[in-house]
Amino acid sequence: MLSRLISRASAVVLAAGGVAFLFVPDVIVPGLMPGYPASGLWFVQLLAAALLALACLNWLNRLVLLGGPYARPPVATNTVWYFVATTVLLKAATSREPPGAFWILAVPVVLFSAVYGWLYFRGPFESDLAAYARAQPPST
């Protein structure tokens, strides 16, 4: 099912970002925000905690049908996270010339924002509904 792939991919992307921001913020942050003070890296590590928590949510819901009325809490959570992250990144991209590392961060965030927005407002993908229906035992 496509929703399983989306949950797993999102979990991997968020976990990778969370682990990177947690353990090597002093390497990553200067590439994203030149001039960011080293004394403020603790704030980036707090962001890492949020990313890891969201990755756990996605991983634990990787086998669930997503969209519309199905698995509404994880879909809503991801929709809000990715939408807010997209708007912040778009504002940052228009306010100054972003470094090359910026786009490595922005591309998956914008893509997941669109996908989770689709799932929230439009419901599950047709192929997922068909696969879900085939997997259900017949009712008696």
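The values are calculated or read from the model by the stated rules, or taken from the named source; none is laboratory data. Small disclaimer: the values here were computed from a predicted structure and weren't measured. Here the Cβ positions follow ideal geometry from the backbone for every residue, glycine too, while neighbour counts run over all protein chains shown. Note: areas computed on protein heavy atoms with side chains; ligands, DNA, RNA excluded. Shrake-Rupley method; radii C 1.70, N 1.55, O 1.52, S 1.80 Å.
When each full DSSP H helix of the chain is screened for a Cα extent of at least 15 Å along its own axis and an average Kyte-Doolittle hydropathy of at least 1.6, the helices passing are 41-60. Where does the chain land at 222 nm, in deg cm²/dmol rounded to the nearest 500, when only DSSP H runs of n ≥ 4 count, each adding -39500 (n - 2.57), divided by all residues? Taking each H run of at least 4 residues, the total per residue is -26000 deg cm²/dmol.
Can you tell me the accessible area per residue over the chain, all protein chains present, probe 1.4 angstrom, in square angstrom? Intermediate results must be reported in sequence, preceding the final value.
On the way: 8360 Å² over 140 residues.
In whole numbers, the chain has 60 Å² accessible per residue.
Between W103 and Y132, the simple label model (points 7 Å from Cα in the Cβ direction) yields a spacing of 3.7 nm.
Of the solvent-accessible surface of the range 19-140, computed with a 1.4 Å probe and all protein chains present, 73% belongs to carbon and sulfur.
Note on C56 and A93: the model spin-label points, each 7 Å out from Cα along the C-beta direction, lie 3.2 nm apart.
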